[in-house]
Amino acid sequence: MCLMNADGEINSCGKIISRLLLHLNGAVTKSVIIFTLLDVEDIHHLILFLSRKGIKDLTIKDYSKTQVKLPTHLFSCLELKHLNIVGSCFNPPPSFHGFPNLLSLELFSAQFGSSDLGEFLTRCPLLEILDLGYLSYTGNMKLVEIAKLQNLKILSLSLCHLETTTITSLCDVLELVGYLPKLQEFGLDFQDYKLTEGHAKKKFPTAFPSVKALKFTRIGLGNGIMLSCALEMMRHLPNLQTLEITASPYVCIDHTACLIISYLYSFVFEYLSFLQVDDPFPIPIPILDVEYNMMELRSVVFRNFKGSENEVYLIKYFLACSPSLKKIVVHHDWCLGPGEQLIFAKMLLKFHRASPVAEIDFN
């Protein structure tokens, strides 16, 4: 391994490390590689070295502007149990027959090559953890391919990677859970996912009691149809205990508009408090003829809170319908200044709580 300094010059310490690696005896079972410290030739040599040392737990982090294509030596590391890749171009060769021992695969901001992603996954039959939420991939996966991974306990997918000819609604995605009996944590990335009113009317399948943690990322809460479907999905997870929602990072309204909205909220609350109105914002039911309750929900984390009406209603739902709730953590978006943050914090504290021990952390 040859380390480089910030100026791109070869670090003399790297030469020493390179010599030391040649004298290592026995297996090297765990390694973390950061590509910003290496050139392409060094990367190839290092991964070749690890492939001959029985590597089982490998983390690769590529923060360079031009992602490095991982060498084919990586796909000869058949003893791998845990593979975590940040960045880089991940392209299995045609001769690759899978990682027979792989238990966890996490691809974050990595680019999957021209290979068939679904076929690749079916060649890793022991997978328990699969995180593809932020993967760059131009192809499409079929749900039937993911359903073959019967050992999955944690699954995170991007909806835009699923085959559009077979995916018509979130209902189809939720049906996947029924084929994964061990699944406990389920994550969906909504980036570039389009949902129409016709899709939203499709009925959800039966309840899935195995899932205890749910994560929605980059979901457009400004879309009422999307919000209703997300709530309906939660309702079919009766043992859901942990919920994490990251709102889509759409461009926020300007600071002045944000300030006006927050002060209007404040004025409404103060005026209705004077009139002794207990519930100034009654919840509009987005799911008709359904008694909405989340009996087991204990923890909620909400990110990119911008103070929109839908976001406020959503938090109010969780407080009003979760008798086991212990804490809601709300991370505000950058567009909310200190004054607006204080106003919204006061607003949230006035909402009814079904749980006597529920706390609200607005930060």
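The values are calculated or read from the model by the stated rules, or taken from the named source; none is laboratory data. Predicted model, so just to flag it, every value in this text is computed and none were measured. As a convention, Cβ positions derive from the backbone with ideal geometry for all residues, glycine included, and neighbour counts pool all protein chains shown. The protein model used for the area step is the full one, side chains on, heavy atoms only, and it has no ligands, DNA or RNA in it. Shrake-Rupley method; radii C 1.70, N 1.55, O 1.52, S 1.80 Å.
Key figures
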{"read-out": "Any hit, the stretch 147-155, residues being at pLDDT below 85, among the charged types (D, E, K, R) and under 16 Å from PHE208 (Cβ atoms)", "value": "no"}
{"read-out": "Criterion violated by ASP116 - all others in (1) within 20 Å of PHE186 (Cα to Cα); (2) open to solvent by 20 Å² or more (accessible area, probe 1.4 Å) satisfied", "value": "(1)"}
{"read-out": "Condition check for GLU309: in contact with a Lys or Arg (Cβ under 6 Å, 6 or more places away or on another chain) and open to solvent by 40 Å² or more (accessible area, probe 1.4 Å)", "value": "no"}
{"read-out": "Residue check for GLU106: within 17 Å of the chain's Cα centre (by Cα) and modelled with pLDDT of 85 or more", "value": "yes"}
{"read-out": "Qualifying residue in the stretch 83-98 (condition: of a type in the set (Val, Ile, Thr) and in a strand (DSSP E or B))", "value": "yes"}
{"read-out": "All positions within the stretch 156-194 that are outside any helix (DSSP H, G or I), at pLDDT below 85, open to solvent by less than 50 Å² (accessible area, probe 1.4 Å) and farther than 19 Å from HIS236 by Cα", "value": "LEU162, GLU163, TYR193"}
{"read-out": "Residue in the stretch 18-25 that is over 14 Å from LEU80 (Cα atoms) and at pLDDT 80 or above present", "value": "no"}
{"read-out": "Only listed residue being open to solvent by 10 Å² or more (accessible area, probe 1.4 Å), closer than 28 Å to ALA27 by Cα and at pLDDT 90 or above, chosen from ASN84, ASN91", "value": "ASN84"}
{"read-out": "Residue among LEU264, LEU288, LEU214, LEU243 that alone is over 27 Å from LYS153 (Cα atoms), modelled with pLDDT of 50 or more and not aromatic (Phe, Trp, Tyr)", "value": "LEU264"}
{"read-out": "Failed condition for GLN67, given (1) surrounded by 17 or more Cβ atoms within 10 Å (Cβ to Cβ); (2) at pLDDT below 90; (3) not in a loop (DSSP other than H, G, I, E, B)", "value": "(3)"}
{"read-out": "Residue in the stretch 47-59 that is within 18 Å of GLU106 (Cβ to Cβ) and either basic (Lys, Arg) or at pLDDT below 80 (or both) present", "value": "yes"}
